[in-house]
Amino acid sequence: MSSDKKIDASLSDAPVPKAADKILDVAFDLFYREGIRAIGVDEIVRRAGVTKPSLYRSFPSKDELAASYLRKYDLEFWERFDEAVDAHPGNPRAQIIAFLTRVGKRTQKPDYRGCGMTNAAVEYPEHGHPARVVSENNKQELRRRLRAMAAAMGASDSDTLGDGLLLLIEGAYISGQLFGKGGPAAAVARNADLLIEASLKK
């Protein structure tokens with residue numbers, strides 16, 4: 001078999017993305033960059049190169065598609081968080097600083113749009129909405145983890161320190177969009193370290 005035919009054969013053997021995967025990938029990009037409410041299903045199917053019936057076979061409604069986008073976002077969020085944790089075993093202070101250092105760097109990118117979870121919660125104020133539920137669960141778990149990490153550091157008031165760190169994080173997500181490069185979000189890790197230091201002083 002010639003090299004050209006081998007290449008052709010390998011290409012034909014490559015898995016073809018399923019319609020649902022293509023739809024979710026396109027929705028993920030558009031929802032994050034433009035907002036969930038701003039993007040209609042017509043735009044999604046056009047960019048994904050699929051039909052509208054294909055979308056509704058995989059996702060019963062746009063609300064469910066939005067929730068699926070956020071569930072994928074949630075997985076990627078915790079992957080990033082756990083990478084920082086795994087890099088500093090047994091050192092919760094260093095874990096938090098490592099995570100926030102990366103957050104601060106991301107806020108300086110021109111295409112930064114904050115946290116998809118925070119944005120969705122703002123877009124969907126009604127409790128019980130599928131997208132809102134995923135967002136709330138993510139934030140509740142983040143709050144739980146930060147409080148636990150604050151306790152592991154030996155903070156006398158670990159709940160207050162954990163909540164303070166959460167407020168810093170949420171502030172970075174928003175101010176990163178407002179100020180962009182050179183904005184205060186770039187220093188979120190430094191401010192977190194100062195808060196931790198002040199909280200651990202006897």
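Ordering ALA67, GLY40, SER54 by the projection of their Cα atoms onto the charge dipole of the chain, which places +1 on the Cβ of Lys and Arg and -1 on the Cβ of Asp and Glu, puts GLY40 at the extreme positive end.
Rolling a 1.4 Å probe over the protein heavy atoms gives the range 115-202 an accessible area of 50 Å² per residue.
Once the Cβ-Cβ distance of ARG37 and ARG190 is raised to the sixth power relative to R0 = 25 Å, the FRET efficiency obtained is 0.10.
Relative to the globular-protein estimate of 2.2 N^0.38 Å, the Cα radius of gyration of the chain stands at 1.24. As a check on your grasp of the helix formula, calculate [θ] at 222 nm for the chain: sum -39500 (n - 2.57) over DSSP H runs of n ≥ 4, divide by the residue count, round to the nearest 500. It comes out at -24500 deg cm²/dmol, rounded to the nearest 500.
Which order do peptides 93-101, 186-194 fall in by mean Cβ count within 10 Å, highest first?
93-101, 186-194
Among TYR112, VAL122, PRO92, pick out the residue whose Cα is farthest towards the positive end of the charge dipole of the chain, where Lys and Arg carry +1 and Asp and Glu carry -1 on C-beta, about the Cα centre. In the chain, that residue is TYR112. 3J(HN,Hα) couplings calculated from phi for the range 147-159 with the Karplus curve 6.51 cos²θ - 1.76 cosθ + 1.60 (θ = phi - 60°) are, in sequence order, 5, 5, 5, 5, 5, 5, 6, x, 5, 5, 10, 5, 5 Hz; Gly and Pro show x.
Go ahead and set up a Gaussian network model of the chain, Cα springs under 10 Å, then flag whichever of ALA84, ALA19, ALA38 fluctuates most. Checking each option, the largest mean-square fluctuation is seen for ALA38. Residues considered: SER68, SER175, SER54. Largest GNM mean-square fluctuation over the chain, using C-alpha springs under 10 Å, is found at SER54.
How many percent of the accessible area of the chain is carbon or sulfur, using a 1.4 Å probe?
Carbon-and-sulfur percentage of accessible area, whole number: 56.
The values are calculated or read from the model by the stated rules, or taken from the named source; none is laboratory data. Worth saying up front: this structure is predicted, and the values here are computed from it rather than measured. A quick note on method: Cβ atoms are made from the backbone with ideal geometry, for glycine too, and the neighbour counts reach across all protein chains shown. Protein only, heavy atoms only, side chains kept; ligands, DNA and RNA dropped before computing areas. Shrake-Rupley method; radii C 1.70, N 1.55, O 1.52, S 1.80 Å.
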